[in-house]
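Below: one structure, written as structure tokens.
The values are calculated or read from the model by the stated rules, or taken from the named source; none is laboratory data. The structure presented is a predicted model; accordingly, all values stated were derived computationally and were not measured. With ligands, DNA and RNA removed, areas are computed over all heavy atoms of the protein, side chains included. Shrake-Rupley method; radii C 1.70, N 1.55, O 1.52, S 1.80 Å.
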Amino acid sequence: MAQTKWRVTVDTDLCIGSGGCVLRAPEGFELDAARQSCPRHAVLGASDEVLDAAENCPVEAITIVEEGSGAAVFPPAD
Ligand code: SF4
């Protein structure tokens, strides 16, 4: 079965540049010159580290949806 792919976005209006996501998931995020978080890839494989980063972002700037279906991963739909 193909690995689940996630589409990851960061709301730069919310991001305060804490760097927490880069520490938790360096393969998923980097800080740009303005200390704004950027996903390294718009689409990446599902990853506990990336989900952990999204869950722990202090301003909930990170959104993850399943590529293809668009189903919410974080924040969870409820
Ligand atoms: S954890 Fe959140 S606020 Fe901190 S750099 Fe990442 S996206 Fe920005």
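At 1.4 Å probe size, with every protein chain present, just tell me what the per residue accessible area of the chain comes to in Å². It would help to have the intermediate numbers written out before the result.
On the way: 4720 Å² over 78 residues.
About 60 Å² of surface per residue is accessible.
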Residue by residue through region 23-32, the couplings from Karplus 6.51 cos²θ - 1.76 cosθ + 1.60 with θ = phi - 60°, in Hz, x for Gly and Pro, are 5, 6, 9, x, 6, x, 9, 9, 9, 8
For region 38-49, in residue order, the Karplus 3J(HN,Hα) values (coefficients 6.51, -1.76, 1.60; θ = phi - 60°; whole Hz; Gly and Pro = x) are 10, x, 5, 9, 5, 10, 9, x, 3, 8, 4, 5
Residue separation between residue 5 and residue 48 times 0.36 nm, minus their alpha-carbon distance, gives in nm 14.2 nm
With a 1.4 angstrom probe the carbon and sulfur portion of accessible area for the chain, in percent, totals 51
Amide H contacts under 5 Å for residue 6, restricted to residues at least 5 apart in sequence or on another chain and with H modeled in the peptide plane, are 44, 45, 46, 67
Long-range share for region 9-78, i.e. C-alpha pairs more than 13 Å apart as a percent of all pairs, stands at 60
A correct Karplus calculation of ³J(HN,Hα) over region 7-16, with 6.51 cos²θ - 1.76 cosθ + 1.60, θ = phi - 60°, whole Hz and x for Gly and Pro, returns 9, 10, 10, 10, 7, 6, 6, 9, 4, 9
